[in-house]
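Please read the structure below before turning to the comments.
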Amino acid sequence: MTKQLDLVESKTDCVFCKIVAGEIPCFKIYEDENFLAFLDINPWVEGHTLVIPKKHYRWVWDLPENLIGQYFAVCRKIANHYRQVLKTEFIMSYIYGWEVPHAHIHLFPDARGKIAMYPKIKRGQLSSEEGEKLAKRLRLI
Ligand SMILES: [Zn+2]
């Protein structure tokens, strides 16, 4: 059986587009004209962050040439900020693309020994109190 890749038919149903539009709140870490970064609501590690283009692209590799460099520059900026703030050298990054069909790059601060593979266990949800506190600590804007 072939697995359905695009679980969402259009960007009007896309949860990340709704976050970009402000229809769904997020714990914002960074924002500029083209990109947005926010805490994953179901973090694998503390500070688990998603970096997304504001415009809807299905895959990271769908971004146009003039944006892909900026995208990685934003990820680098956030990762280096986390390295300082969280006093860790290691920021794991991950491009997977299954869960939400809108391009996203995961950043996992200090994930060494904490993430081996795609977890099979259910992740706990980030409470608004935890999220606010952590976003305030990690915010780059
Ligand atoms: Zn989208």
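Key figures for this structure:
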| item | result |
| --- | --- |
| Isotropically averaged projected area of the stretch 27-138, using the convex hull of Cα atoms (one quarter of hull area), nm² | 6.9 nm² |
| Within the accessible area of the stretch 27-138 (1.4 Å probe), percent carbon and sulfur | 52 percent |
| Environment charge of Tyr82, counting only residues whose C-beta is closer than 13 Å and scoring Lys/Arg +1, Asp/Glu -1 | +3 |
| Contour excess over end-to-end distance, with Cα ends at Ser93 and Lys55 and 0.36 nm allotted per residue | 11.6 nm |
| Percent RCO, i.e. relative contact order, over the stretch 27-138, from Cα pairs under 8 Å lying at least 6 residues apart | 34 percent |
| Among the listed pairs Lys18/Lys87; Lys54/Lys77; Lys55/Lys133; Lys55/Lys87, those beyond 26 Å (Cα-Cα) | Lys18/Lys87; Lys55/Lys133; Lys55/Lys87 |
| Hz values of 3J(HN,Hα) by residue in the stretch 24-34 - Karplus curve (6.51, -1.76, 1.60), Gly and Pro given as x | 10, x, 9, 8, 6, 10, 7, 8, 9, 4, 10 |
| Net charge of Cβ neighbours under 10 Å - reference Asn34; Lys, Arg +1; Asp, Glu -1 | -1 |
| Å² per residue, accessible surface of the stretch 27-138 at 1.4 Å | 57 Å² |
| Simple spin-label estimate for Lys77 and Lys28 in nanometres, 7 Å along Cα-Cβ | 1.4 nm |
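The values are calculated or read from the model by the stated rules, or taken from the named source; none is laboratory data. These figures come from a predicted structure and were not determined experimentally. Cβ sites come from the backbone with ideal geometry, for glycine too, and all protein chains shown count toward neighbours. Side chains are part of the model used for accessible areas, which takes the heavy atoms of the whole protein and leaves out ligands, DNA and RNA. Shrake-Rupley method; radii C 1.70, N 1.55, O 1.52, S 1.80 Å.
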